[in-house]
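Worksheet: one structure, shown below.
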Amino acid sequence: MAEKQEVVLSGIRPTGRLHYGNYFGAIKQFVELQEQDQLCYYFIADYHALTTAKERVDYFRYTLDMLRTYVACGLDPKKSVIYRQSDLPCTAELNLLLSMISNIGHLERGTTYKDAIAKLPGGNTDGPDGNPISYGLMGYPILMAADILIVQADKVPVGDDQRQHVEMASDMARKFNHRFNCEALKIPQGVSRNALRLPGLDGGTKMGKSENNDLGLLDDPKLVLKKVKTIPTSTDPGPIQGDSDAPADIIPQLAPGLAVIYTLLDLLAPEDVYLDFVGKYRRGEKFYGMLKNTLAEHINDFNAPIIDGFHAEGNNDESVKQFLMENAEKVTPVALDTVENCREAMGIGRSLYRA
Ligand code: ATP
Ligand code: MG
């Protein structure tokens with residue numbers, strides 16, 4: 001029965017088109033989880049997108065495209081509850097309630113906030129305009145806690161970068177229940193996801209929607225070839241040490257651009273193709289042109305059904321809006337229940353106008 005099922009929750013920001021990091025780091029697992037006996041909530045984190053917005057961006061367009069890509073990748077809105085964060089506005093209310101028990105020092109130690117500070121020129125937080133980091137970005141862990149706690153999630157599969165934030169959500173739930181002597185909030189668990197972190201095509205540490213270094217699931221063959229050709233292969237890291245050809249042994253020894261290529265080859269090509277190119281590398285042959293062409297072919301084979309699915313009849317803006325509505329309706333009762341219990345626990349009482 002639905003009530004007894006474990007609730008799994010995960011979200012992606014609609015900050016661009018979905019890329020290979022999103023697929024192999026998240027969506028692939030979403031699809032696997034949906035086939036198990038769990039209640040899966042996957043939300044489009046549009047409020048979160050705003051934490052790093054510098055101007056108006058058509059996040060709704062990205063949302064629709066992401067959802068059509070989800071469907072093309074095998075996510076089924078009848079099996080998983082796929083909703084938009086802002087269609088559950090009581091998340092914002094819970095965010096406000098939780099902010100009342102959140103310690104500023106704690107937020108300053110949040111990884112997202114610290115990363116944002118580190119990216120400022122000279123790591124400087126003063127300057128004539130003051131700290132350019134918004135209150136919203138600093139409060140990101142509270143909003144994330146609200147996302148998790150509002151639907152009473154049991155498990156939150158996250159990459160290592162987000163683990164700290166899930167722990168903060170658990171701490172907030174414990175603190176809330178303790179301070180207000182209630183059990184309004186369920187304590188969630190972080191679940192480590194496979195540690196795969198796909199580097200960017202520029203060789204940078206992480207492929208990201210907002211980094212301009214991504215390989216997209218909807219990229220067409222021309223674009224794929226163009227992007228693959230620009231992966232830097234000029235630095236020569238020298239010979240590979242050891243006899244093992246296993247990706248875990250080989251890839252860390254490669255220069256960043258080649259590491260991306262071999263990582264993708266390992267994910268997409270049959271093993272003998274990957275091994276063949278490891279052999280060529282070991283023998284010091286000249287093969288980068290062929291390597292890139294081969295990789296591009298495998299990427300195109302992978303993208304082709306996703307591109308077809310994206311354009312398939314029945315998978316369009318209207319169908320996506322329809323299931324967004326249906327799924328928002330499905331999560332709303334549990335979310336309202338949570339926020340009403342929190343209001344009651346804190347002493348302001350239940351909403352008088354909300355049914
Ligand atoms: P942005 O650059 O706007 O932050 P993003 O590409 O990092 O976008 P998110 O919405 O922040 O995407 O993350 C969505 C999910 O995809 C998360 O679960 C995250 O762990 C995963 N993910 C994102 N980038 C990668 C990557 N390079 N490798 C593995 N997983 C990734
Ligand atoms: Mg991100």
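Just so you know, all these numbers are worked out from the coordinates, no wet-lab data involved. Computed from a predicted model, the values in this text were never measured in an experiment. Note: ideal-geometry Cβ built from the backbone for every residue, glycine included; neighbour counts use all protein chains shown.
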Top positive-direction residue, dipole computed over the stretch 305-355 with Cβ charges, set Ala328, Leu352, Gly314 = Leu352
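Using the crude model of +1 on Lys and Arg Cβ and -1 on Asp and Glu Cβ, and no other charge, please compute the dipole size for the chain relative to its Cα centre, in debye to 20.
Working: 38 positive and 48 negative charges, 138 e Å.
Roughly 660 debye, rounded to the nearest 20.
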Apply the Debye scattering formula to the stretch 221-310, with a single equal point scatterer on each alpha-carbon and no solvent, then give log10 I(q)/I(0) at q = 0.21, 0.23 Å⁻¹.
-> -1.03, -1.21
In debye to the nearest 20, how big a dipole does the stretch 221-310 give about its Cα centre with +1 on each Lys and Arg Cβ and -1 on each Asp and Glu Cβ?
-> 560 debye
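Hey, what number do you get for the chain at 222 nm if only DSSP H runs of n ≥ 4 count, each worth -39500 (n - 2.57), divided across all residues, to the nearest 500? Before the final figure, lay out each step's value.
Values: 15 runs with 178 residues, N = 355.
Result for the chain, helices only: -15500 deg cm²/dmol.
Past the 26 angstrom mark, what percentage of all C-alpha to C-alpha distances in the stretch 204-355 do you count? Walk me through the numbers on the way to the answer.
On the way: 5715 of 11476 pairs.
Of all Cα-Cα distances in the stretch 204-355, 50 percent exceed 26 Å.
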Of Lys209/Lys280; Lys79/Lys186; Lys155/Lys227, those spanning more than 30 Å from alpha-carbon to alpha-carbon = Lys209/Lys280; Lys155/Lys227
For the stretch 162-208 and the stretch 135-160, distance of Cα centres in Å = 6 Å
Please find the FRET efficiency linking Thr205 to Lys286, where r is the Cβ-Cβ separation and R0 is fixed at 41 Å, and quote it to the nearest 0.05.
-> 0.90
Listed residues Gly25, Gly238, Gly257, most fluctuating in the chain (Gaussian network, C-alpha, under 10 Å) = Gly238
Beyond 21 Å, what percent of the Cα pairs of the stretch 56-181 remain?
-> 53 percent
How big is the C-alpha Rg of the chain next to the rule-of-thumb value 2.2 N^0.38 Å, as a ratio?
-> 1.09
Evaluate the distance, in nm, between pseudo-label points positioned 7 Å from the Cα of Lys175 and of His106 along their respective Cα→Cβ axes.
-> 0.2 nm
